Structure formats: C-alpha cells, structure tokens
There are 2 protein chains.
Amino acid sequence: MPDTPIVSSLRRAEPGFAWERVARLPYKEGDAAPFKAISRQTLFSDPRLKGELRYFEIEPGGFSTLERHEHMHAVVILRGEGHCLIGDLVYALRPCDLITIDPWTWHQFRAGQGEVLGFLCLVDRDRDKPQLPSAADLAGLRARPEVARFLDGSL
Amino acid sequence: MPDTPIVSSLRRAEPGFAWERVARLPYKEGDAAPFKAISRQTLFSDPRLKGELRYFEIEPGGFSTLERHEHMHAVVILRGEGHCLIGDLVYALRPCDLITIDPWTWHQFRAGQGEVLGFLCLVDRDRDKPQLPSAADLAGLRARPEVARFLDGSL
C-alpha cells in the first residue's frame with residue numbers, strides 16, 4: 001500500500017464556485033488587518049509548483065485588506081462586479097478582466113453593493129508578508145477624491 | 001521620461017475569451033508535434049512572478065499534443081466541454097473543473113465534437129521541454145479500450 005492516498009487528478013466543480021476537496025476558508029486567520037465578508041479557496045498549492053492559485057470571493061459590500069508587499073499578484077476576475085485600488089488608481093472590474101499588481105503597490109478589492117466579486121489570484125508559493133498602511137500612507141491615498149470614495153465604499 | 005512605457009495594471013476582457021494587449025497565438029511554433037485547432041494566449045508572464053498563466057482554446061474536434069515533461073500543470077476549465085487523458089485515465093471535463101497533471105505523466109486535452117474547450121493552465125515560468133511518446137508508449141496507452149477511443153477522437 002502506498003503511504004499517501006492516491007488522489008484523483010480531477011476535482012469537480014460544484015455549484016456556486018465551490019470544488020470537491022477544496023475548503024472555503026476565512027480570508028485571513030489570526031490577523032488584525034481589516035477586511036470584510038471575504039472567503040478564500042486554495043485551488044492549487046503544491047511543493048512541485050512555484051505558483052499558487054487561489055479563488056477569493058467577496059460578498060456585496062465586502063472588501064479585502066488594503067495592503068502592499070514585495071510579491072506580485074496576477075488576478076483574473078471570474079464573477080460579479082466591483083472595484084479595485086492599485087496604487088492611486090481605481091478600476092471598475094468585470095468578469096474575465098486581468099489585473100497585475102506590481103511589488104510594493106497598495107491594493108484593495110471591493111465588491112459592489114449588490115454584487116459578489118469572485119476572482120482567481122496567482123502568487124508565488126514562497127512570498128513575503130503584507131504591510132498595512134500607516135496613517136500618513138492613508139492620508140496620502142485619500143488625497144485623491146476617487147480613492148477616498150473607493151475607501152469609503154461609496155463608489 | 002521613464003525608459004519603459006507605463007502599462008496599465010488592468011487589461012479588459014473582450015468578447016469571446018479575448019483580452020486587450022493579449023495576442024491569440026498558435027498553440028506551438030516550429031514544432032513537429034501533432035496537435036489540431038488550438039490557440040494559446042499568455043495572460044501572465046512576468047520575470048517577477050514564478051508562475052505563468054496561459055489560456056488555451058481548442059475548437060470542436062481539436063486536441064493538444066500528447067506529451068509528458070517534468071514540470072506540472074494546474075488547469076481550470078473555463079468554457080465548453082471535452083475530455084483529457086492523464087496517465088491511463090480519461091476524464092470528462094466541464095467548466096470550473098480543476099485538473100492536476102503530475103510530473104512525467106502522459107496527458108492530452110480534446111474538445112468535444114460540437115464544443116469549444118477553453119482552459120487556464122498554470123505552469124512554472126522556467127520549465128523543461130515536453131517529450132513525445134514512442135510507438136511502444138502509444139501501444140501501451142492504447143491497451144486500455146477507453147484510452148484508445150479517446151486517442152481516436154471517438155469518445
């Protein structure tokens with residue numbers, strides 16, 4: 001008998017952007033960073049693969065943490081609508097849009113008020129921890145009216 | 001002026017699984033390997049990211065090359081229906097299904113006769129070249145009737 005169970009190469013999609021043998025987890029654990037109404041499903045994470053692919057889903061009115069880090073994000077929107085902040089620019093998002101977040105760039109995703117926002121996010125498997133903005137960083141970001149409206153959830 | 005052009009973080013989806021500033025390319029170039037009716041779009045390939053994400057689309061009746069290599073594939077079906085061979089097992093595919101292809105495992109994707117098959121494929125950016133099956137490898141694979149039917153496109 002093999003030491004490890006034989007696992008099928010296929011994990012079937014289930015209704016509602018869920019998958020066989022993929023847990024829907026809290027977005028973050030043991031973290032004081034602010035976020036709201038967002039879940040995380042790790043679709044691919046394997047020591048033999050240098051990238052990791054996760055599916056995040058944000059409920060209406062929810063948002064990811066505003067943060068930055070050295071590692072990059074490469075994002076494919078899969079469902080719904082919302083906005084993201086990248087640096088000091090705000091983008092409206094629709095299904096299949098592609099987003100690149102460069103190293104050390106402030107970023108946050110927000111679902112619309114009446115829409116779920118679901119997206120795939122590719123990262124390196126080995127990566128650094130995020131940094132949160134200081135009060136001065138936030139004030140700098142809020143200097144642009146559109147960014148302030150984004151951060152207030154009133155876009 | 002910066003040396004490199006400033007490129008927006010967002011590339012919009014266009015109708016029919018196409019994207020701004022993403023070329024729809026032949027599946028392979030300068031390669032004698034057999035394949036049919038398949039295109040490749042590289043969505044994310046960046047020297048600062050260790051993974052690479054491509055979108056492949058196979059027209060009805062088309063197929064990718066039957067091959068194997070050391071690097072892994074992690075696949076998310078995005079549209080349509082078809083089958084894949086992984087090792088000596090054949091799987092029917094539907095949108096959002098997840099497929100893992102282990103190192104050195106023979107694999108091929110085929111669209112259905114009346115359906116496009118479109119999927120995302122995550123690989124390491126640095127990776128080895130594929131190997132093609134020998135006549136003996138093919139005979140071994142065809143020993144399973146379902147695999148023979150798959151290879152003949154008659155599933």
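Any read-out appearing in this document is the output of simple, stated calculations on the displayed coordinates, not a laboratory observation. As the structure is a computational prediction, the values presented were derived from the model and not from experiment. Note: ideal-geometry Cβ built from the backbone for every residue, glycine included; neighbour counts use all protein chains shown.
Below is a table of values for the structure above.
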| quantity | calculated |
| --- | --- |
| Distant-in-sequence amide H partners of B:F44 (H built 1.01 Å from N, under 5 Å) | B:L53 |
| Rounded if a/c under 1.5, otherwise prolate or oblate - the range B:62-155, Cα gyration tensor axes | oblate |
| Label spacing, shortest first and in nm, from A:P34 to its equivalents in the remaining copies (7 angstrom along Cα→Cβ) | 6.1 |
| Cα gyration tensor, the range A:102-148 - rounded (a/c under 1.5), prolate or oblate | oblate |
| Partner lysines for A:K129 [C-alpha distance under 24 Å; skip if fewer than 8 residues away on the same chain] | A:K28, A:K36, A:K50, B:K50 |
| In order through the range A:121-134: 3J(HN,Hα) via Karplus (6.51 cos²θ - 1.76 cosθ + 1.60), integer Hz, x for Gly, Pro | 9, 8, 9, 5, 5, 8, 8, 7, 7, x, 9, 9, x, 7 |
| Prolate/oblate/rounded call for the range A:21-93, Cα gyration tensor, a/c under 1.5 rounded | rounded |
| Net dipole in debye of the range B:48-155 [+1 Lys, Arg Cβ; -1 Asp, Glu Cβ; about Cα centre; nearest 20] | 140 debye |
| Note, ³J(HN,Hα) from phi for the range A:11-17, Karplus 6.51, -1.76, 1.60, rounded to Hz, x at Gly and Pro | 10, 6, 5, 10, x, x, 6 |
| Inter-part distance where the range B:81-125 and the range A:40-118 are each reduced to a Cα centre, Å | 26 Å |
| Highest-first arrangement of A:89-96, B:109-116, where packing means the average Cβ count within 10 Å | B:109-116, A:89-96 |
| Nonlocal amide H pairs with B:E115, under 5 Å, H built at 1.01 Å | B:G61 |
| Inter-chain shielding of A:87-95 (mean C-beta neighbours from other protein chains, 10 Å cut-off) | 2 |
| Dipole of the protein assembly as shown, positive end: most advanced residue of A:V75, B:F17, A:S64 [Cβ charges, Cα centre] | B:F17 |
| Under 5 Å, built H, 5+ apart or other chain: amide partners of B:W106 | B:G87 |
| Copies compared at B:P145 - label distances in nm, ascending, label defined 7 Å from Cα in the Cβ direction | 7.3 |
| Loop GluC sites (Glu not before Pro), the range B:1-102, which have at most 11 other Cβ atoms in a 10 Å radius of their Cβ (DSSP) | B:E29 |
